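What follows draws every value from the coordinates through simple rules; no lab data is involved. Keep in mind it's a predicted model, so treat the numbers as computed, not measured. Cβ sites come from the backbone with ideal geometry, for glycine too, and all protein chains shown count toward neighbours.
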Amino acid sequence: MTQTDAGPRLPPAYWRLWWAAGVNTVGDGAFAAAVPLLTVTITRDPRLVSVVSAAMYLPWLLLSLPAGALVDRHDRVALMWRSQAIQALIVSIIAVLAAFGHLGIPVLAITAFGLGVCEIVLANAAQAILPEIVAKPLLHKANGHQQTIITIGREFAGPPIGSLLFAVAVALPFGMDAGSFALSAALLATLPRRGRGRGRGRGRGRERIEHPPMRTAIADGLRWLAGHRLLRTLALLLGVNTFCGQLGNATLVLLATRTLHLDARGYGLLLGGAAIGSLLGGLVSARVVRRIGALPALLTALVTNVVIFVGIGLSPNAIVLGALLATNGFVITLWNIVTVSLRQQIVPSELLGRVNSVYKMLGWGLIPLGALAGGLVAYTFGLRAPYPVAGALRGIALLVAMPVLIRAMGDLCVAGAGLPRGVPRVCLGAGRTPPRGGTQALVAPGCVCRQSESIG
């Protein structure tokens with residue numbers, strides 16, 4: 001990394017990763033728009049329609065832990081591009097079957113599960129490889145750019161393209177998605193490699209890396225996260241938040257169309273408002289963290305999210321609802337970028353895949369249950385009820401976690417995180433000072449170091 005008047009720059013390898021994410025997510029957005037349209041041409045049974053969505057999320061609960069172990073013991077670049085190549089093959093099969101009218105719910109569910117398995121490996125490896133190609137002070141910036149391009153592709157560009165292509169021919173959006181996966185795989189294959197998990201061969205001055213059994217490797221990730229107070233708390237808090245998020249969002253379409261009397265176009269505008277908020281969050285999150293610090297940004301996002309969820313259920317009209325959804329998109333993106341960057345700064349590289357997998361399993365495993373709970377609450381108490389209930393649950397969880405978050409963030413310190421070389425540093429709460437001018441030593445796992453003369 002070179003220091004210029006404009007500050008440190010992200011390396012070329014990062015921008016190849018960024019372009020791969022952009023290409024991939026445009027295809028994902030087209031796929032996400034086309035699958036529901038295709039599903040309702042096959043069946044009108046809501047139970048069968050939900051099966052396809054559940055199949056996509058099920059791998060996060062069943063296979064997240066072994067996927068994390070694979071990411072830590074194998075070449076992460078190879079895992080990424082091969083996952084994309086397999087996804088290209090799967091979606092190509094869907095496109096061919098759709099073109100000939102041979103798709104049914106079982107085939108859609110199976111292929112959705114396969115895509116979900118590949119997505120676990122890809123997402124885990126992408127987060128784990130970022131600290132290898134980006135300096136730690138730039139992680140918030142890098143994650144912000146990633147979130148921005150993902151939002152643009154998945155929520156802005158992809159869905160309209162997918163809908164238009166589906167109107168022309170059923171197979172077209174799936175063919176486009178297959179092409180996006182293939183192009184992304186080609187870009188990912190050009191990333192620098194570190195030879196993780198490969199036998200280095202004797203006679204070349206290198207030793208073969210011996211990995212522990214899979215069960216032991218997974219247990220190491222579980223123990224590491226269980227023993228880290230801050231990340232353990234954030235993972236559990238994420239689990240509550242995603243449960244509550246689905247509790248509210250499962251019936252958002254009914255709240256918008258039946259209670260607030262919006263048509264399909266108006267509902268699309270609401271979702272566009274949320275996407276705009278997410279986009280702004282990706283663009284400015286690094287500046288927010290730099291100005292107020294990671295912990296204040298995290299707590300601000302969490303508190304704002306609680307207020308927003310209560311407000312959504314009380315929205316008097318679509319304008320208020322749209323503004324709240326946009327603000328919610330902003331704070332969710334801020335939360336995501338801060339917590340992902342913290343994991344990348346805190347967790348040792350050789351454990352990052354496994355710890356990420358445990359974190360995601362805890363955080364995403366309750367999504368299906370949240371959706372079911374939201375339907376029950378809406379059916380029993382009315383369409384406005386799920387959001388205030390979800391907001392109250394999030395508020396209780398935040399109150400329980402708040403002392404732990406404040407204490408843990410004070411006890412931990414990543415030396416040099418977010419600060420230029422040579423700036424005086426102090427460890428908040430750890431009672432230790434990092435080596436003078438040093439940016440390498442991890443003084444205490446996970447602490448945010450600050451300039452000694454300011455709270456930044």
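Per-structure values
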item: Per residue convex hull volume, Cα atoms of segment 81-151, in Å³; result: 93
item: Net +/- balance of residues flanking A112 in space, Cβ distance below 15 Å, scoring K and R +1, D and E -1; result: -3
